[in-house]
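Participant: Supplied in structure tokens, the structure appears directly below.
The values are calculated or read from the model by the stated rules, or taken from the named source; none is laboratory data. These figures come from a predicted structure and were not determined experimentally. Here the Cβ positions follow ideal geometry from the backbone for every residue, glycine too, while neighbour counts run over all protein chains shown.
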Amino acid sequence: MKFVVYLIVILFFIDPVSSKELLNSREYKIEFYSKNIKEKKQEIIDEIKYDSFNKIIISFITNDEYNKLNKIIDIEFINKFVFSIDIYEEKINNNTYTAKIKVNYDNSKIIDFLINHKINFISYEPEEYLLIIFDQKLFSEKILSKDNRFYRFLSDNKFKYKYFQLPNLDINDRFIINKEDFFLKKIKHYDELINKYKNTNIILIHSVSESNKTKIYSYVNEFNNFKKLDDVSYKIIDYEFFFNSLHNKALDYWKNKNNVNPSLINNLNCKIKTINLSELKAIKDIINKNKMINRIEPNEISYNNSNYKLVYFGKFDILVKSLKKDKIQISLLDNSCNIKIL
């Protein structure tokens, strides 16, 4: 019996703030031979559900949270969140079946489940990490250089690591960063680096090659103080394994720093500044769709300066980022909360 699954496109993270937005799986091309096509087809669809749902749920939560949740994931559990299954280019020829299949999940139900079960989740797409790499060998030191072995690998695999940002590797880069930064774990020209790449998420990678092994140390930035993210040792560097692991650890680190805690409930009285009632309605619609918002209640409604009570999950700074993704600005100054459209 023949069964082949081809993965056609990568799973794209869908911003989970819109309550009715669907989360689409990868597109799977299947081909098999069977005397009972109906039964085999359902078996394969269930396998696709397992694979696609696991990839979607891990996009919302950390590895630790996923490991806890994974214990209860079965096909009955997954089916609660399935919105629809798209099957197209379906053909049956002499007990050989081929088709393309995509599973669509209800984003709102997934987030509601996480909230109801007090599972931390992320409310917007993770940000990229800028990689600053020092490839240090006995008679060769390559920092921000195209001859750096690590950058060469990443350049050849640039579409594989969605949350990695590569520097330009130009002369200006080599002025901003020098090897002392790696030894001190502090970038001297930090502001110049941030201004150039508009990114405060930075990973320093320091590879030190000796006669018979290479030690690779990775550090993640916290306000220009770098803390160790990982360290590994290789006799022969497996670049794919190294960057796959680093990508997962960096993403998990980001999730832990930016997740929403449903057990933490806060509230604010906020003024919503608008030019008319239509704009007020548009802002309220966006706020109501944001899954960080538990509820929004009117205190006083006026033509262009209404007051609402906002009850939300998690930390205020995460809420600011989450609403900003939908072009809504919320600010807090001297205990005065203001909301406006960007």
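Participant: Can you give me the number of residues within the range 274-304 that are loosely packed, with under 14 Cβ neighbours inside 10 Å and in contact with a strand residue (DSSP E or B) (Cβ under 6 Å, 6 or more places away or on another chain)?
Facilitator: So the count comes out to 5.
Participant: If you take the residues of the range 193-216 that are surrounded by fewer than 18 Cβ atoms within 10 Å (Cβ to Cβ) and in a strand (DSSP E or B), which of them is modelled with the lowest pLDDT?
Facilitator: Ser209
Participant: Then there's this: As an exercise: evaluate Asn63 against (1) in contact with a strand residue (DSSP E or B) (Cβ under 9 Å, 6 or more places away or on another chain); (2) surrounded by 13 or more Cβ atoms within 10 Å (Cβ to Cβ); (3) of a type outside the set (Ser, Thr, Tyr) and give the number of the one condition it does not meet.
Facilitator: Here Asn63 clears every test but (1).
Participant: Could you say whether any residue in the range 77-95 is at pLDDT below 95 and in a loop (DSSP other than H, G, I, E, B)?
Facilitator: Scanning the range 77-95, I find at least one residue that is at pLDDT below 95 and in a loop (DSSP other than H, G, I, E, B), so the answer is yes.
Participant: Moving on to the next point. When only residues in the range 154-171 that are surrounded by 14 or more Cβ atoms within 10 Å (Cβ to Cβ) and not in a loop (DSSP other than H, G, I, E, B) count, which is nearest to the chain's Cα centre (by Cα)?
Facilitator: This residue is Phe164.
Participant: Also: Determine whether Lys100 is over 26 Å from the mean Cα position of the chain (by Cα), touching a residue at least 24 places away in the same chain (Cβ under 8 Å), on the phi < 0 side of the Ramachandran plot and part of a strand (DSSP E or B).
Facilitator: On the way: over 26 Å from the mean Cα position of the chain (by Cα): yes; touching a residue at least 24 places away in the same chain (Cβ under 8 Å): yes; on the phi < 0 side of the Ramachandran plot: yes; part of a strand (DSSP E or B): yes.
Judged against the criteria, Lys100 is a match.
Participant: While we're here: Of these, Tyr105, Tyr50, which one is crowded, with 19+ Cβ neighbours inside 10 Å and in contact with a helix residue (DSSP H, G or I) (Cβ under 8 Å, 6 or more places away or on another chain)?
Facilitator: Of the residues listed, the single one that is crowded, with 19+ Cβ neighbours inside 10 Å and in contact with a helix residue (DSSP H, G or I) (Cβ under 8 Å, 6 or more places away or on another chain) is Tyr105.
Participant: Given Ser278, Ser302, which one is part of a loop (DSSP other than H, G, I, E, B), in the same structural domain as Cys337 (by TED's automatic domain parsing), modelled with pLDDT under 95 and not charged (D, E, K, R)?
Facilitator: On the way: Ser278 fails: part of a loop (DSSP other than H, G, I, E, B).
So the residue among Ser278, Ser302 that is part of a loop (DSSP other than H, G, I, E, B), in the same structural domain as Cys337 (by TED's automatic domain parsing), modelled with pLDDT under 95 and not charged (D, E, K, R) is Ser302.
Participant: Select from the range 241-273 the residues that are surrounded by fewer than 16 Cβ atoms within 10 Å (Cβ to Cβ) and under 13 Å from Phe164 (Cβ atoms) and write down the one among them that is nearest to the chain's Cα centre (by Cα).
Facilitator: Checking each candidate, the answer is Asn248.
Participant: Being surrounded by 19 or more Cβ atoms within 10 Å (Cβ to Cβ), over 13 Å from Phe243 (Cα atoms) and either touching a residue at least 12 places away in the same chain (Cβ under 8 Å) or not assigned by TED's automatic domain parsing to the domain that holds Asp252 (or both) is true for just one of Tyr151, Tyr219, Tyr190. Which residue is that?
Facilitator: Just a single option satisfies the conditions, and that option is Tyr219.
Participant: From the list Lys291, Lys271, Lys255, which one is assigned to a helix (DSSP H, G or I) and either in contact (Cβ under 8 Å) with a residue 60 or more places away in the chain or small (Gly, Ala, Ser) (or both)?
Facilitator: Details: Lys291 fails: assigned to a helix (DSSP H, G or I); Lys271 fails: assigned to a helix (DSSP H, G or I).
Just a single option satisfies the conditions, and that option is Lys255.
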